[in-house]
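Where a number appears in this text, it was derived from the coordinates with a stated rule and is not lab data. Not measured: the values here are computed from a predicted model. Neighbour counts run over all protein chains shown; Cβ positions are idealised from the backbone, glycine included.
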Amino acid sequence: MKHTEKTFQVLDALDREETSTQRQLADNSGISLGQVNYILKSLLDKGLVKISNFKQSPYKIGYAYFLTPKGIEEKSKLAVKFVLRKLREYEFLRARLTERLIQIEADGSARFLFVGPSLVREFIENIIRENKINLILVNHFENNSLVNEVNKESFDIVLLFDEKQDSEEKIKQILELSEERFINLL
């Protein structure tokens, strides 16, 4: 079995908990019980996890799963790999977003309205500042619920970062925007 992010999540959940049943592991890692079972079998075969019995009541036998020293070492290696992969993804997204913002500026837009999470707004503002892109954020909304309060003349373009399918159409209707004044960043 190739180590995946789900494998790391199981190893991490085991590392945080002294004893864990498969159901607890599923709850703590956000992975289905069936997937936890499959991953645990592989980890047991590789000697990364050990299992021991314990009695919860006179009529039931349960199991507790523990990381072995080899499992702790493997978890650390996986953590480094995942962090490096996420950093590469971050740099790729940063470069792609920088290109899009530069193109927006080149197309003649100067002021934008942003609809999306504050974290993404801050990310965009940092890119603009670091690359000296001549774009000004005139307003920000976490979602489209208050967009109707904005003056349509205060911005040139709307940047949307929202996974909801209907957000784009709702904002276009509320603000009566043409396609040219709207960019979905997703």
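Counting other C-beta atoms within 10 Å, which of Lys132, Lys46 has the fewest, and how do the rest follow?
The fewest-first ordering by Cβ neighbours comes to Lys132, Lys46.
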In the range 140-186, the GluC sites (Glu not before Pro) that sit in a DSSP loop and have at most 13 other Cβ atoms within 10 Å of their own Cβ are Glu142, Glu163, Glu176
Going residue by residue through the range 150-160, the Karplus relation 6.51 cos²θ - 1.76 cosθ + 1.60 with θ = phi - 60° gives ³J(HN,Hα) values, rounded to whole Hz and with x marking Gly or Pro, of 8, 6, 4, 8, 7, 9, 9, 8, 10, 9, 10
For the range 140-172 the trypsin sites (Lys or Arg not before Pro) that pass both the DSSP coil test and the at-most-15 other-Cβ-within-10 Å test are Lys164
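Could you tell me what a quarter of the Cα convex hull surface of the chain works out to, in nm² with one decimal place?
14.8 nm²
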With R₀ set to 25 angstrom, the calculated FRET efficiency between the beta-carbons of Arg94 and Val138, to the nearest 0.05, is 0.65
With x for Gly and Pro, the residue-by-residue ³J(HN,Hα) of the range 173-186, computed from phi through the Karplus equation 6.51 cos²θ - 1.76 cosθ + 1.60 at θ = phi - 60° and given in whole Hz, is 5, 4, 8, 6, 9, 7, 4, 5, 9, 9, 9, 8, 7, 8
Checked the range 94-186 with the C-alpha gyration tensor, a ≥ b ≥ c its square-rooted eigenvalues, rounded below a/c of 1.5, otherwise prolate if a/b is larger than b/c and oblate if not; verdict prolate
So the FRET efficiency between Leu87 and Asn131, C-beta based with R0 = 22 Å and rounded to 0.05, is 0.70
Taking Cα atoms only, helix 33-45 is inclined relative to the longest principal axis of the chain by an angle, in degrees rounded to 10, of 60 degrees
XL table Lys46/Lys77; Lys46/Lys86; Lys132/Lys172; Lys50/Lys70; Lys6/Lys75; Lys6/Lys77; Cα-Cα > 21 Å flagged, in table order, is Lys46/Lys86; Lys132/Lys172
Between Tyr63 and residues 5 or more places away or on another chain, the pairs with built amide H atoms under 5 Å apart involve Phe54
Here the residues of the range 131-156 lying in the modelled label zone of Ile174, meaning backbone nitrogen under 16 Å from a point 7 Å along Cα-to-Cβ, are 138-155
